[in-house]
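A short write-up of the structure that comes next.
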Amino acid sequence: MAAAGSGALTIVEYCGDGSGYRCGYCKSSTGNLSHGIWAHAMTTQDYQDLIDRGWRRSGKYVYKPLMNQTCCPQYTIRCSSLDFQPSKSHKKVLKKMLKFLVKGEACRGAEYGTGEPMESHGEVLISPSFKSKDDMAVSESELRLLEADQNDTGEEGWVKDKACALSREQEVLLCPEVAVTSTSAAAPKAGKGADPNKPPCRKAKELRKERRLQKLLQRQQDSATEPQATDTSKAKGSQQKSIEDFIFETLPETVAHRLEVRLVPVSTDDPDFTETFSRSAALFAKYQMSVHQDAPSECGEVQFTRFLCDSPLEAEMAPGAPDCGYGSFHQQYWLDGKLIAVGVVDILPRCVSSVYLYYDPDYCFLSLGVYSALREIAFTRQLHEQAPDLSFYYMGFYIHSCPKMRYKGQYHPSDLLCPETYTWVSIKQCLPKLENSKYCRFSTEPGAVDKNQVKNLGQVQVLYKRTRMPYKVYKKMRKGPNDESSIQQYASLVGQTCAERMVLFRG
């Protein structure tokens with residue numbers, strides 16, 4: 001790994017605006033628009049600053065949606081891992097995994113299309129219009145915006161029903177005599193048919209509700225006679241569990257299955273990476289063909305390498321970094337010695353950024369999309385103990401205009417990045433605005449602007465004739481058409497700080 005101050009440098013080529021390509025969310029043929037840069041090499045600090053301005057990488061291609069023009073605006077979303085509290089649906093997934101590991105019990109009904117919690121099954125294709133060198137040329141299928149899309153739409157209805165039931169239970173506990181009166185008053189009406197004296201058939205759901213009310217009343221009467229100390233002990237026993245309580249729970253010596261999660265650097269110099277490459281690539285192909293219906297030619301080892309192994313990030317072991325350092329990693333999930341899932345993550349100075357997840361479809365009943373996200377949040381917390389500045393979990397893009405992509409907003413507390421001021425705003429404040437318009441400015445501060453906007457174009461760093469120089473020097477040396485507008489656009493997108501630190505290649 002490169003040490004701090006070892007001369008690591010970000011070298012990029014600006015690819016300009018995309019002319020419009022197919023959107024994987026709304027299926028528009030030309031509505032997806034973005035800016036792009038090709039990163040030959042990039043420091044983790046530069047990438048951290050870029051994603052905090054709305055950029056995101058796919059392999060070595062780094063892109064930024066044209067937020068006010070693209071068909072489906074994509075807002076960078078981050079979760080505060082230190083304040084994260086799992087929801088009931090999250091706990092349900094964690095408990096399901098524990099039950100499977102300890103007892104071998106599996107909910108086999110959780111197949112695709114049955115409304116089970118989020119699974120990773122989203123993708124976007126990108127085909128930028130720029131022309132590049134042969135050694136940089138990338139086809140449309142090679143520029144996938146790979147995200148860990150774990151759809152959680154199946155849990156929404158369950159949560160709503162549960163909330164309604166709890167609301168009714170509270171009403172009964174607070175005023176049982178009213179509940180009894182209303183229940184007894186709602187006598188069944190006379191039926192119609194051969195015997196009008198008999199009541200009509202009642203739905204099982206109604207009968208269950210009635211039995212529940214009776215149990216609640218009985219429970220309230222019993223609790224009225226119990227000592228106060230009993231209530232106190234119950235309250236202590238029902239304290240909220242953290243995700244670590246589920247994930248790192250000590251299991252019995254005899255279990256049905258054993259799960260091991262390994263962190264492997266994405267590097268051909270790492271023996272664990274090279275040793276597991278073939279199995280990881282085969283798992284990727286199986287996942288893509290089964291879940292995304294890709295052809296075998298679209299998910300071979302070449303595509304796998306370009307999508308999820310080629311990274312512009314320079315591995316770094318800087319002061320204040322966690323023990324594993326910064327860079328790109330594969331978090332491998334091994335079940336009884338078999339590789340069943342891989343989460344691709346970037347570990348950066350202030351966050352863990354989720355890149356993609358692929359898994360064995362045979363284990364979709366474990367809701368590995370949700371489970372891996374919760375593991376990565378717990379992992380972020382662990383890294384924070386070693387690197388205090390690292391505390392956020394970035395989930396890629398939040399796309400409110402695409403209902404199946406809204407699940408990322410269920411990880412609380414989360415913030416969205418304002419596309420105009422590049423400040424973070426609580427998602428709770430953003431959602432009402434997004435209901436009215438696909439594109440929104442989230443910052444409510446009057447007159448607020450991008451604090452890192454370009455103020456000195458002359459100091460933008462370029463690489464010309466194998467020499468690094470500021471733009472003001474390059475401008476005098478260059479012969480040919482004026483390219484100031486292109487450099488101005490590039491600098492405004494990456495910000496003054498990155499424009500002065502990164503080096504823009506000029507041929």
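The set of residues from the stretch 312-332 being touching a Lys or Arg at 6+ places or on another chain (Cβ under 7 Å) and in a loop (DSSP other than H, G, I, E, B) comprises just one member, P312.
Yes or no, residue by residue, for (1) of a type in the set (A, V, I, L, M, F, W, C); (2) more than 24 Å from V344 (Cβ to Cβ); (3) in contact (Cβ under 8 Å) with a residue 24 or more places away in the chain; (4) touching a Leu at 6+ places or on another chain (Cβ under 9 Å):
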residue	(1), (2), (3), (4)
F397	yes, no, yes, yes
S401	no, yes, yes, yes
S414	no, no, yes, no
L417	yes, no, yes, no
E420	no, yes, yes, no
C430	yes, yes, yes, yes
Y439	no, yes, yes, no
G447	no, yes, no, no
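Among the numbered conditions (1) at pLDDT 50 or above; (2) part of a loop (DSSP other than H, G, I, E, B), the only one that E116 does not meet is (1). Inside the stretch 30-53, can you point out the residues that are over 14 Å from L313 (Cα atoms), of a type in the set (G, A, S) and surrounded by 21 or more Cβ atoms within 10 Å (Cβ to Cβ)? S34, G36 - these are the residues of the stretch 30-53 that are over 14 Å from L313 (Cα atoms), of a type in the set (G, A, S) and surrounded by 21 or more Cβ atoms within 10 Å (Cβ to Cβ). What do you reckon, is F304 under 16 Å from S58 (Cβ atoms), crowded, with 19+ Cβ neighbours inside 10 Å and out of contact with any strand residue (DSSP E or B) (no Cβ under 6 Å at 6 or more places or on another chain)? Answer is yes for this residue. One residue stands out in the stretch 466-507 among those that are over 17 Å from Y422 (Cβ atoms) and among the basic types (K, R): the one that is modelled with the lowest pLDDT, namely K479. Of all residues in the stretch 68-88, those that are small (G, A, S) have Cβ atoms under 6 Å from Cβ atoms of residues that are part of a helix (DSSP H, G or I), 6 or more apart or on another chain, in S81/I377; S81/T380; S81/R381. Is one or more of the residues making up the stretch 376-387 more than 20 Å from E244 (Cα to Cα), outside any helix (DSSP H, G or I) and out of contact with any Leu (no Cβ under 8 Å at 6 or more places or on another chain)? No: the stretch 376-387 contains no residue that is more than 20 Å from E244 (Cα to Cα), outside any helix (DSSP H, G or I) and out of contact with any Leu (no Cβ under 8 Å at 6 or more places or on another chain).
Check the stretch 373-395 and report whether any residue there is within 16 Å of the chain's Cα centre (by Cα), aliphatic (A, V, I, L, M) and closer than 27 Å to R441 by Cα. Scanning the stretch 373-395, I find at least one residue that is within 16 Å of the chain's Cα centre (by Cα), aliphatic (A, V, I, L, M) and closer than 27 Å to R441 by Cα, so the answer is yes. Note on the stretch 291-311: residues that are more than 21 Å from the chain's Cα centre (by Cα), within 16 Å of L357 (Cα to Cα) and part of a helix (DSSP H, G or I) amount to 2. Close contacts from the stretch 487-507, counting a first residue that is among the hydroxyl-bearing types (S, T, Y) and a second that is surrounded by fewer than 20 Cβ atoms within 10 Å (Cβ to Cβ) and not in a strand (DSSP E or B), with Cβ to Cβ under 8 Å and a gap of 6+ residues or different chains, come to S492/Q453; T497/N452. Take the stretch 388-408 and flag every residue that is in a helix (DSSP H, G or I) and touching a His at 6+ places or on another chain (Cβ under 8 Å). Result: R406, single match.
Kindly indicate whether any position in the stretch 438-450 is assigned to a loop (DSSP other than H, G, I, E, B), touching a Pro at 6+ places or on another chain (Cβ under 6 Å) and either closer than 22 Å to Y63 by Cβ or of a type in the set (S, T, N, Q) (or both). Looking for residues that are assigned to a loop (DSSP other than H, G, I, E, B), touching a Pro at 6+ places or on another chain (Cβ under 6 Å) and either closer than 22 Å to Y63 by Cβ or of a type in the set (S, T, N, Q) (or both), one finds at least one in the stretch 438-450, hence yes.
With respect to (1) under 30 Å from G343 (Cα atoms); (2) touching a helix residue (DSSP H, G or I) at 6+ places or on another chain (Cβ under 6 Å); (3) among the aliphatic types (A, V, I, L, M), the lone exception for L431 is condition (2). For the structure I just gave you, tell me whether Y287 is within 30 Å of D46 (Cβ to Cβ), under 22 Å from the mean Cα position of the chain (by Cα) and touching a residue at least 60 places away in the same chain (Cβ under 8 Å). No; evaluated as a whole, the condition is false for this residue. Mind checking which residues of the stretch 44-78 are over 20 Å from M405 (Cα atoms) and part of a helix (DSSP H, G or I)? If the condition is that a residue be over 20 Å from M405 (Cα atoms) and part of a helix (DSSP H, G or I), then T44, Q45, D46, Y47, Q48, D49, L50 are the ones that fit.
Of the residues making up the stretch 299-315, those that are at pLDDT 95 or above and of a type in the set (D, E) are E301, D310. Within the bounds of the stretch 415-437, is there any residue that is over 21 Å from the mean Cα position of the chain (by Cα), over 30 Å from E376 (Cα atoms), of a type outside the set (A, V, I, L, M) and at pLDDT 95 or above? The answer is yes, given that some residue of the stretch 415-437 is over 21 Å from the mean Cα position of the chain (by Cα), over 30 Å from E376 (Cα atoms), of a type outside the set (A, V, I, L, M) and at pLDDT 95 or above. Those residues that are farther than 14 Å from W55 by Cα, outside any loop (DSSP other than H, G, I, E, B), at pLDDT 95 or above and of a type outside the set (A, V, I, L, M), I need them from the stretch 9-42; list them, please. Hits for the stretch 9-42 are E13, H40. Scanning the stretch 471-485 for residues that are surrounded by 12 or more Cβ atoms within 10 Å (Cβ to Cβ) and in a loop (DSSP other than H, G, I, E, B) returns R478, D483.
The values are calculated or read from the model by the stated rules, or taken from the named source; none is laboratory data. Values in this document were obtained by computation on a predicted structure and should not be read as measured data. Please note: Cβ atoms are built from the backbone with ideal geometry, for glycine as well, and neighbour counts cover all protein chains shown.
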